[in-house]
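Let me begin by presenting the structure, written as structure tokens, before commenting on it.
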Amino acid sequence: MLSIRYKPVATMIKARLSIILFFIFGFAIGQNWTMQNKITANDRHLDDRFGSAIAYSGNFAVVGSPLHDFDNFNETFINNSGAAYIYQKNSDNEWVFYQKITANKRHANAQFANAVAIKDKTIIIGAHQESLDENNNNFLEKAGAAYVFLLNENGKWNQSQKIVSLDRDANDKFAHAVGVTDNHLILSAYTQDKDQNGNNELTDAGAVYVYIKNIDSQWNFHQKIVAQDRDEYDLFGSSLAIDNDKLIVGAVYEDHDAYGNNFVNGSGSAYMFEMNAAEQWFQTQKITAPVRLGKDLFACSVAINNNKLVVGAKNCATNESNSTPINNAGAAYVFNRDFNGQWAFVQKIIARDRMINDAFGVSVAISDQYIMVGAENQNQHDETTFISNAGAIYTYIETNEEWLQSQKIVSDPRNEHSYFGHAIALNGLEAMFTAHKDDLDDNESNATTDAGAFYTFSTHEVVFNNLDAQICANQTIVLEGEERNESGSYFDFNNISGDVYYYDITNLEIKDLPVPTINNSLGELSTSTSYDNYQWYFNEIEINGANMPTYQANAIGEYSVSVLNDYNCEGTSEAYYFNNNLSIEDHKAEFSIYPNPAKNHIYLNHESWEGSIKLLQMNGQEIDHWNTKIIGKKIINLPSLDQGIYLLQLESKEGKIVHQRLQILN
């Protein structure tokens with residue numbers, strides 16, 4: 001049940017309940033993600049960084065451990081040669097260790113499994129610091145390589161191919177990011193210097209390589225892709241994601257806007273590519289943040305699902321309104337593909353509890369129902385618990401074409417410097433999150449610095465009821481367990497029916513209070529006729545039956561009017577003093593009185609006027625009076641008065657009376 005409360009508001013005489021709540025629709029998605037298991041390598045070692053990368057498809061998941069030093073049998077040591085661990089989901093829906101894989105020929109510092117991808121029976125492993133070619137010859141330091149593993153009939157994953165670029169060079173870091181579909185393999189070399197033809201060297205401009213699978217399940221080079229506006233140090237290929245015939249490539253240090261103008265150092269860009277009928281990839285668009293800032297690292301992470309994509313910017317400082325900077329708090333940007341094939345900015349999303357150096361956006365994932373964003377440096381889960389770099393995942397759901405934060409996910413327990421949220425794998429009602437520097441095993445013991453871990457989470461089917469709520473500015477409503485008086489969307493548990501959980505999404509809108517004013521025409525007081533209800537007051541007492549836009553004043557005193565607008569919000573005018581006569585305000589063209597406020601004297605200006613002037617208390621009691629004639633300007637010396645509000649009454653010799661309030665200062 002929704003609970004409404006009122007906040008004190010100066011203009012209110014009475015507070016009337018005003019909330020409009022109505023059911024819009026229900027839709028079934030997953031929410032309330034809960035942790036299932038923490039998983040660590042069975043041969044974990046110091047500084048393995050298990051969980052640096054993760055991916056899964058069907059019943060298999062692959063986890064990268066690029067700084068691992070030992071072979072498949074945990075015997076032969078080769079420093080930072082790297083390994084990947086494969087897990088399978090059993091009949092109890094639990095993920096169990098299946099197989100450890102390493103390169104057939106391991107080399108020091110290759111960092112095998114810095115990136116991983118899986119599609120059905122194919123696993124792709126990146127080793128971006130591998131220095132030897134496909135035949136393990138021709139040393140070029142950190143040129144990079146990718147490895148293909150296939151699942152054979154006996155249920156074992158075997159290396160079937162080692163891939164290097166045709167124009168490989170030292171420090172290319174080929175296979176820094178990897179992606180695979182049924183027939184296409186995408187490998188980035190984000191510090192590669194040459195263009196698509198192997199010419200026009202630009203230091204660390206970056207490139208992406210496309211391979212096509214032949215009938216023998218071998219991958220053949222097909223195309224090299226570079227940005228149309230490539231420049232040195234762009235790091236094109238910092239991240240990538242592929243979805244059938246659509247490809248997004250990040251360039252975190254690219255400096256220019258979507259049109260190649262407006263230099264902002266290291267703001268970052270993403271490039272969209274699509275595949276034509278000839279299976280050639282061509283650039284369709286360059287995407288940047290709507291408001292670009294230096295070193296935002298826009299496109300440090302990217303994810304795509306059909307016609308929606310999300311782009312991380314882990315160093316972005318500003319909030320969703322591009323204000324209130326917090327250094328390196330991070331952000332993510334959502335884009336939709338329109339009917340013309342163009343990607344349009346939809347929304348900037350941030351963490352509700354964002355803090356300095358959270359790195360929100362270091363990882364992103366998107367599905368039909370969810371966006372998930374990792375903040376691996378996040379420290380504080382609640383107001384009292386600070387754990388340095390424990391990390392967090394934030395989930396968002398889409399409602400009314402807006403992505404709303406629905407949950408903050410943390411590991412249980414949260415461990416210091418574990419960097420939970422470094423990488424994300426999301427599939428339906430299951431997700432995996434890595435903590436590549438977690439020190440403890442799956443029993444939270446046996447501390448081994450930066451050994452790494454990953455966590456499995458799942459959710460259940462949930463029906464969300466989408467509600468609209470409108471309250472007045474002087475009211476609060478209890479949502480998410482707290483009194484709310486700010487427009488926004490809020491989530492509340494409703495009930496459970498069988499295996500389905502029901503939640504309410506309340507889209508709260510705050511409505512302004514009306515501000516009526518009073519006009520006087522020969523004693524007839526009036527206000528705007530645009531309101532729904534009226535109530536007139538005399539000296540703060542309700543006038544019985546005075547419920548129209550006008551009221552004929554018949555006594556000296558203060559009048560006010562209270563009104564209700566279309567949203568049932570009530571507002572009250574300022575008090576209007578009436579003394580059976582016109583206000584000086586009705587004769588500004590004839591009279592002027594100044595200064596006001598005054599101290600010892602005032603001046604009256606009039607072209608030609610004769611009569612009496614009375615100085616009155618607000619209750620009508622006379623303090624002083626003057627009989628005078630004014631032609632032009634006239635000074636009136638005031639008696640000694642206490643600070644406060646008084647009334648001047650000017651009565652002409654013809655009997656016309658006007659009034660003016662006068663403020664006296666000491």
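The values are calculated or read from the model by the stated rules, or taken from the named source; none is laboratory data. All of these numbers come straight from a predicted model, not from anything done at the bench. Neighbour counts run over all protein chains shown; Cβ positions are idealised from the backbone, glycine included. Remember, those area values only see protein heavy atoms, side chains included, never the ligands or the DNA or RNA. Shrake-Rupley method; radii C 1.70, N 1.55, O 1.52, S 1.80 Å.
General observations
- Scoring 176-188, 342-354 by mean Cβ neighbours within 10 Å over their residues and listing the highest first yields 176-188, 342-354.
- With all pairs of different C-alpha atoms in the average, the Kirkwood value for the hydrodynamic radius of the range 379-440 is 12.7 Å.
- Surrounding net charge for GLY294, when Lys and Arg each add one and Asp and Glu each subtract one, Cβ distance under 15 Å: -2
- Rounded to two decimals, the Cα-based Rg/Rh of the range 592-656, with Kirkwood Rh, is 0.95.
- For the range 348-411, alpha-carbon Rg and Dmax in angstrom: 11.7, 36
- Relative pair counts by distance (%), Cα atoms of the range 523-666, 5 Å bins: 2, 9, 17, 19, 15, 13, 11, 8, 5, 2, 0
- All Cα-Cα distances of the chain, cut into 20 Å bins from zero to the largest, leave 16, 37, 20, 16, 10, 2 percent in each bin in turn.
- Sequence of ASP450, ASP566 from largest to smallest accessible area, 1.4 Å probe: ASP566, ASP450
- With all pairs of different C-alpha atoms in the average, the Kirkwood value for the hydrodynamic radius of the range 95-240 is 15.2 Å.
- Cβ crowding within 10 Å averaged over residues, with 607-618, 306-317, 239-250 ranked highest first: 306-317, 239-250, 607-618
- Normalised by the number of residues in the chain, the mean separation of alpha-carbon contacts (under 8 Å, six or more apart) gives a relative contact order of 10 percent.
- Accessible-area composition of the chain, carbon plus sulfur, in percent [1.4 Å probe]: 44 percent
- Across the range 213-345, the volume of the C-alpha convex hull divided among the residues equals 118 Å³ per residue.
- 3J(HN,Hα) along the range 222-234, derived from phi through the Karplus expression 6.51 cos²θ - 1.76 cosθ + 1.60 where θ = phi - 60°, amounts to 10, 6, 10, 10, 10, 6, 5, 10, 3, 8, 5, 6, 6 Hz, with x in place of Gly and Pro.
- Accessible area, probe 1.4 Å, largest first, for residues LEU140, LEU641, LEU647: LEU140, LEU641, LEU647
- The simple spin-label model puts a point 7 Å past each Cα toward its Cβ; for ASN547 and HIS601 those points are separated by 5.5 nm.
- Cβ-based charge dipole, the range 135-258, positive-most Cα from GLY155, ASN214, ILE242: GLY155
- Packing, as the average of other Cβ atoms within 10 Å across residues, places the peptides 262-274, 424-436 in the order 424-436, 262-274, highest first.
- Our summary of shape: the Cα atoms of the range 450-592 have principal axis extents of 86, 40, 22 Å, ordered from largest down, in whole angstrom.
- When Rg and the Kirkwood radius Rh are both evaluated on Cα atoms of the range 79-118, their ratio Rg/Rh stands at 1.11.
- Placing +1 on the Cβ of every Lys and Arg and -1 on the Cβ of every Asp and Glu, with no other charges, gives the chain a dipole of roughly 900 debye about its Cα centre.
- Overall size of the range 157-276 from C-alpha positions, given as principal axis extents largest first: 48, 30, 25 Å.
- Cα-Cα over 22 Å, subset of LYS173/LYS308; LYS194/LYS224; LYS100/LYS156; LYS614/LYS634: LYS173/LYS308
- Cα-based equivalent ellipsoid, the range 56-105: semi-axes from gyration tensor eigenvalues, Å: 24, 10, 8
- Taken along its principal axes, the alpha carbon cloud of the range 500-565 reaches lengths of 66, 20, 16 Å, longest axis first.
- Here the ratio of the Cα radius of gyration of the range 453-527 to 2.2 N^0.38 Å is 1.91.
- Probe 1.4 Å - accessible area at TYR551, Å² to nearest ten: 50 Å²
- Counting only protein heavy atoms and a 1.4 Å probe, the chain has 44 square angstrom of accessible area per residue.
- Computed on the Cα atoms alone, the convex hull of the range 343-471 gives a volume of 141 cubic angstrom per residue.
- Cα gyration tensor category, rounded, prolate or oblate, for the range 135-189 with a/c compared to 1.5: oblate
- Debye, to nearest 20: dipole size of the range 236-286, +1 on Lys, Arg Cβ, -1 on Asp, Glu Cβ: 60 debye
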